[in-house]
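Comments concern the structure below.
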Amino acid sequence: MRFKVCCIQSKGEAETAIKAGAWAIGLVAAMPSGPGPIDDARIVAISEATKGRVKRFLLTSRTRPDDVVDHILRCGCDVVQLVDDVPVQAYAAIREECKDVQIAQVIHVQGPEALAQAQSAAPYCDYILLDSGRTDGPMKVLGGTGRTHNWDISRSIVEALRLPVILAGGLNPDNLATACRAVSPDAFDVCSGLRGPEMALDAQKLAAFAAH
């Protein structure tokens, strides 16, 4: 089972995730809302300390092509996780300016329309990541909700696409097996389900999650 530990707060948390067998870590930059953001300087430090040992995802809420490229180049991660909708030009700019960086497009599964959204983004990406945010409110919620979404829709997306699909949104050690059976994604992405007070990574929860 491949899993990504998101909302990494420190080098120590990154090391804990790696020792538990994490395939990837998520480094969350500035967001309009939600838990886990850290400043870019800390992202760079954690990214440099873990280079070559784990897949490093930069979560960015930027959408303008030049802004996204600038963010990637400054933070130095392996994958850029686009948590909001971006214009097609952004994908082209990343491919041109950041040739070694993979693209993960987040699709917030709010309804059946998520399938068409995923199919539209897939030709430009290396991964589709299914999450439970909301993009239609007065303030966008782009991740870290601790909520699940309709896994039947997620399963339809997995079955329709040829590229890897990562499942996020409300996962924890107690519901992971059910999520695996219901969706059969290529990997899992977890944040709040492994954390205790003040967003601290809980080693026991992480071990239970990794044991599946």
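The values are calculated or read from the model by the stated rules, or taken from the named source; none is laboratory data. All values reported here derive from a predicted model rather than from experimental measurement. Every residue, glycine as well, gets a Cβ built from its backbone with ideal geometry; the counts of neighbours run over all protein chains shown.
For the reader, a short list of remarks on this structure follows.
- For ARG134, the stated conditions hold: it is at pLDDT below 95, of a type outside the set (Val, Ile, Thr) and touching a His at 6+ places or on another chain (Cβ under 9 Å).
- Residues of region 81-113 classified as touching a Gly at 6+ places or on another chain (Cβ under 6 Å) and part of a strand (DSSP E or B), total: 1
- Every condition in (1) surrounded by fewer than 20 Cβ atoms within 10 Å (Cβ to Cβ); (2) in a helix (DSSP H, G or I); (3) in contact with a helix residue (DSSP H, G or I) (Cβ under 8 Å, 6 or more places away or on another chain) holds for GLU159 except the one numbered (3).
- Residue tally, condition within 16 Å of the chain's Cα centre (by Cα) and within 25 Å of GLN102 (Cβ to Cβ), over region 141-157: 7
- Taking the criterion of being of a type in the set (Gly, Ala, Ser), surrounded by fewer than 16 Cβ atoms within 10 Å (Cβ to Cβ) and modelled with pLDDT of 95 or more, the only residue of region 69-106 that qualifies is ALA92.
- Here is the figure for region 1-57: residues that are surrounded by fewer than 24 Cβ atoms within 10 Å (Cβ to Cβ), more than 18 Å from LEU73 (Cα to Cα) and of a type in the set (D, E, K, R) total 6.
- Residue check, ALA160 over 17 Å from TRP23 (Cβ atoms), of a type in the set (Gly, Ala, Ser) and at pLDDT 95 or above: yes
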